[in-house]
Amino acid sequence: MKNFKKRADLQQYIAGLRAGGAVITFVPTMGALHRGHLSLIEQAKVLGDIVVCSIFVNPTQFNDPKDLEIYPRPILDDIQKLEAVGCDILFNPEVSEMYAGNEKWHLDIGELEGLLEGKFRPGHYQGVTQVVFKLFNVVKPDIALFGQKDYQQVLVIKRMIDLLSLPVKIEMCPISREEDGLAMSSRNIHLTPRDRQHALILSKTLNKVNQHFDPEKIDELKQLAEADITAEPGVALAYFEIADGDTLLPANKNTKSIVALVAAMVGKTRLIDNVIIR
Ligand code: PAF
């Protein structure tokens, strides 16, 4: 695997590959790679010729400095995992390589930015669009792959692509789960054994809502889900929403695409999860 830290070096190398006709696929990450990330790399290999993975803990998408500080950064372990799965190129820049200084620009992506995650993490999606735009500019991928676990992030990035007419196709890949249902996340390493047990209420509740879904009973289902999660010790619910899968506004019985999304603090760790209902 080739490892680049400088934008210019990576750009030059990829330009050569592209000139030879290679289809470039791209998996942007913040590292602390788990099986979910590796499944994105595997899917990227199926879809293209050259897989680029970036590992960059993007400071502008953290609204809590403590969260940024404790974000795991096991880079040597990550490199081994990427090599084992057959990733071709790693881009692992320093912050100064990605940001010129105190950058204030922000892409207006509309209502989506302030809903659900956006409401609880003000500025988060400004940071995500900033960095993904910059990464796309360096890698210029044909296809970029993102996990469904960050469902709202995928919608935000698709919106950015539409607004800026970027020539990249987005693939959303299914959530990877532990055997007991917990959605894989780099943050799971912060869960104590007890938190880990309590965290299962999130996937259990999403499954229950999915199994008992009835378009006539959306409000009732949402209330029951909120009550189940709130009753779980050690879990502080941020939101549970049954939403339109395209806009993330609350769904009603006529909504075509429906997704249930949840976010909660489990002990000291913030977790998100979702299920596509239809
Ligand atoms: O999903 C993530 O890991 C990050 O939000 C991303 C897309 C790599 C941007 O920093």
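Rule-based calculations on the coordinates, nothing more; no lab input. From a predicted model like this one, the values you see are computed outputs, not experimental measurements. Backbone-built Cβ (ideal geometry, glycine too); neighbour counts: all protein chains shown.
Mind checking which of 236, 19, 44 has the largest fluctuation in a GNM of the chain, springs on alpha carbons under 10 Å?
19
Once every DSSP H run of n ≥ 4 in the chain is given -39500 (n - 2.57) and the sum is divided by its residues, what mean residue ellipticity at 222 nm do you get, rounded to the nearest 500 deg cm²/dmol? Mind showing how you got there, number by number?
Numbers: 11 runs with 113 residues, N = 278.
The helix contribution divided over the chain gives -12000 deg cm²/dmol.
Please report, to one decimal in angstroms, the Kirkwood hydrodynamic radius of the range 139-278 built from all distinct Cα-Cα pairs.
For the range 139-278, inverting the mean 1/r across all distinct Cα pairs yields 16.0 Å.
Mind ranking 239-252, 70-83 by how tightly packed they are, going by the mean number of other C-beta atoms within 10 angstrom, highest first?
Highest to lowest by the protection proxy: 239-252, 70-83.
As a test of understanding, state the convex hull volume per residue of the chain from its alpha carbons, in Å³.
130
Which one, 133, 235, 263, projects farthest toward the positive side of the charge dipole computed for the range 132-278 from Cβ point charges (K/R +1, D/E -1)?
133
Tell me, what HN-Hα J-couplings in whole Hz come from the Karplus equation 6.51 cos²θ - 1.76 cosθ + 1.60 at θ = phi - 60° for each residue of the range 171-186, using x for Gly and Pro?
For the range 171-186, the Karplus-derived couplings read 10, 9, 9, x, 5, 8, 10, 5, 4, 8, x, 4, 5, 5, 7, 4 Hz, x marking Gly and Pro.
Please give the peptides 114-123, 260-269, 58-67 ranked by average Cβ packing (other Cβ atoms within 10 Å per residue), highest first, as a rough proxy for protection. The partial results should precede the final answer.
Numbers: 114-123: 17.0, 260-269: 20.9, 58-67: 15.1.
Answer by packing, highest mean first, reads 260-269, 114-123, 58-67.
Quote the relative contact order of the chain in percent (integer), defining contacts as alpha-carbon pairs under 8 Å separated by 6+ residues.
The value is 17 percent.
In this model, which of 45/81; 134/169; 169/253 are farther than 23 Å apart at the alpha-carbon?
Over 23 Å apart, Cα to Cα: 169/253.
Using the Cα centre as the reference, give the magnitude of the dipole from point charges on the C-beta atoms of the chain (Lys, Arg: +1; Asp, Glu: -1; all else neutral), rounded to the nearest 20 debye.
Working: 32 positive and 36 negative charges, 85 e Å.
Dipole magnitude for the chain comes out near 400 debye.
Listing 1, 172 from the residue with the fewest other Cβ atoms within 10 Å to the one with the most, what is the order?
Final ranking by Cβ density, sparse to dense: 1, 172.
Evaluate the charge dipole of the range 199-278 about its Cα centre and quote only its size in Debye, nearest 20, assuming +1 on the Cβ of each Lys and Arg and -1 on the Cβ of each Asp and Glu.
In debye, rounded to 20, the range 199-278 gives about 200.
I need the shape label for the range 1-64. Rule: rounded when a/c is under 1.5, else prolate if a/b > b/c, else oblate, with a, b, c from the alpha carbon gyration tensor. Spell out each step's value before the answer.
Values: a/c = 2.61, a/b = 1.35, b/c = 1.94.
Judged from the Cα gyration tensor, the range 1-64 comes out oblate (a/c at least 1.5, b/c at or above a/b).
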